[in-house]
Structures are given as structure tokens and as C-alpha cells.
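K.L.:
This is the structure I want to talk about, given as C-alpha cells.
All of the numbers you see were taken from the coordinates with simple rules; none came from a lab. Since the structure is predicted, the reported quantities are computational estimates derived from the model, not experimental observations. When we count neighbours, we look across all protein chains shown, and the Cβ atoms used for this are built from the backbone with ideal geometry, even at glycine.
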Amino acid sequence: MLGKLSEMKNKIKGKERRTQFYFFSGKGGVGKSSCSSATALHFAKGGKKTLILSTDPAHSLSDSFEIKIGGEIKELRKNLYAIEIDPKKTMEEYKEKFSTNVEGMEMLSNLGLGDAFDIAGMTPGIDEMASLDKIMQFMNSNEYDAIVFDTAPTGHTLRLLSLPDVLDTWLGKMITLKMKFSGAIDMFKKFLPFGDSGDKPKIDADQLEVMKERLLQARALLTNPERTSYNIVTIAEEMSIYESQRSLEVLKEYNIPVKTIIVNQLVPENPSCKFCTARRGSQQKQLNKIHEIFGKYEIKEVPLFESEVHGFKMLEKVAKYLYG
């Protein structure tokens, strides 16, 4: 309903909004929340209606903006909105939404068929699946000019982004099985007293079809470079560089368009500090390696600041390094 109302508003204004999507991911502790928050603030200041959405269970958006956000959309300032998705709540909502229900069929339940169609119980990666379904609700809403995703650390995110391919196959099999099972129910109804003639067991294949359609939409949006850009945040350390390489390989496999490599927490020059000079020298070697390995991508460099990146003023400083 939200998406349809927004779409009508946009058409009344004489334009149809095409939301742009920006994903930020990286190894834990590299500062992806700071970079994604700074990006969202930058877009909002530029006049774009922007939503920043955290799918990381260890939410950092509230810390970044120094405002308590939580699980409902909150307006932070003009054009800037934020939400921290609660994975536990999202999963419970998802289970309730997509679980099938076989009512008044004790005989079939005794045969174990009720368990066979408990979608929530047999879905692989239920937490990632629930997160993707929630993300797709926002991606299909057309409510915003830009949606910035502050995603979970790399491994979790890559599993989430690969789900459209993995689950499309799985759901296809489930839908086929479900339709066959629905046919079996019709046959049993001719012989067994399942209740009043108007009663029908609630086996909702439509929910599965809706889920499959959402996965197809997810694949189309996530692989469209005109709508989606994926930004990898890293630091100038060997393990973080390796993690970024691994991420790129998987993202390439699923045709996810990567736009930018952000190298964060670079120590600035300080000749009077021996430790700083040594640390900077080590980072510069790794930075050269980053430019060699990721040379075909846009590489942005963000320094290590004297204080932690919390609050709008600090986020504006980060945005200047990211966007000039």
C-alpha cells in the first residue's frame, strides 16, 4: 500500500521516481557504518529524499548519528530517514507470513505432511531470507530517491545477496510440490469429512508465488548497474585486502555491480610522531597494493580522524572525502 500511494504521488507530480540503491559492506570494524551514514547525509543535503537502512544485527547507525533510531522509520533531519531492522522481529514476522497452515487434516498431519509444508521450518538460511524479504519491501516502495544499506559484515551480506539465485531454485521446487499436494487434497475431499462443504484447508501457494516474484525482482535490481551500486569498505591491512578480494569474486559471480573501494582510517602525515610515521609507512605499502589489485574500480581514501566519527559534523567531514 505504501509503495502504491508513493507511486501515485510521484505520477501526480509529473515524474516517476526511480530509487537508487547503495550498498556498503566490509569486514567488521573498517568503518562501513560511518561511510554509509556520511553518504546518506550527503544525499539528503543535496535534496534527495534518502533512507539509510541497517541490516547489521550490531546496529551502529544510532551511534553514527548520535540519535536513537530503532526498528521504525525515523526522520533525522530534512530528507534524511533511518531504520535499524531487528533481525529477530523480522524473522518472526517472516515466519508468520510465509508459514503454511494445514487445518482439519489430522490424517495427513499424522503422516508428517504438515511438517513437510512448514515453510519457516525447512527454509535454508531463514534469517537471511527474512532480511532479504524486508529489504525488498523498501526497494519496491519507490518512496525514496536513494536508499543506503549499511549491511552486516561481509560473509553474512554475501549470503544474503546470493539468495535470489539459491532460493529461486528451492522455491520453484516447493511451488511444484505444493500444487501437487493441493491436487491431492481435492481428491481426499471427495471421500473424507474435512468439515463443511465451504471449508478448504489453508494451503496458500500464492504466498510462495509472491516470494518467488520478489526474489526475481531482487535479482533484477541487485544486478542493474543503473539502479544499484555496491561499495566495499576496507582498511590498508593485508587481511582486510584479502577479505575485499574474496568479496569481489563472489559479487562478480552473482553479477552484483561494484562501483567503489573505500580505503578508510588512513593515518595522516605527522613527522613529529614516530609511531604515526611508521604506521603510515606500513599503510602506504598496502595502499599501493590496493591500487594495483583494485585499479579498475573507483578508489576513495578517507583519513583516520582524531576523534571517533559520531554526529553530523563528523559525518560531514567523511562525506567531503568521499564526495568532494
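K.L.:
Can you grab the distance from the C-alpha centre of the range 209-283 to the C-alpha centre of the range 295-315, Å, no decimals?
P.N.:
Between the Cα centres of the range 209-283 and the range 295-315 lies a distance of 14 Å.
K.L.:
On to the next question. Excluding Thr277 itself, what net charge comes from residues whose Cβ is under 15 Å from its Cβ, given Lys and Arg +1 and Asp and Glu -1? Please report the intermediate quantities before stating the final value.
P.N.:
On the way: positive: Lys274, Arg279, Arg280, Lys285; negative: Glu269.
That sum, taken over residues with Cβ under 15 Å, equals +3.
K.L.:
Further, regarding this structure: Would you order Asp56, Asp145, Asp150 from fewest to most other beta-carbon atoms within 10 Å of each residue's own beta-carbon? It would help to have the intermediate numbers written out before the result.
P.N.:
On the way: Asp56 22, Asp145 18, Asp150 27.
Going from least to most buried by this count: Asp145, Asp56, Asp150.
K.L.:
Cβ neighbours within 10 Å, averaged per peptide: list 225-236, 295-306 in order, most packed at the top.
P.N.:
Working: 225-236: 20.7, 295-306: 13.8.
Averaged packing, sorted descending, gives the order 225-236, 295-306.
K.L.:
Can I ask one more? Beta carbons within 10 angstrom, averaged per residue: use that to sort the peptides 19-28, 284-293, highest first.
P.N.:
On the way: 19-28: 22.2, 284-293: 13.9.
So the peptides 19-28, 284-293, ranked by packing, come out 19-28, 284-293.
K.L.:
Count charges around His42 for me, please; just the other residues with Cβ under 13 Å from its Cβ, Lys/Arg as +1, Asp/Glu as -1.
P.N.:
Numbers: positive: Lys45, Lys48, Arg77, Lys300, Lys317, Lys320; negative: Asp145, Glu316.
Charge balance near His42 sits at +4.
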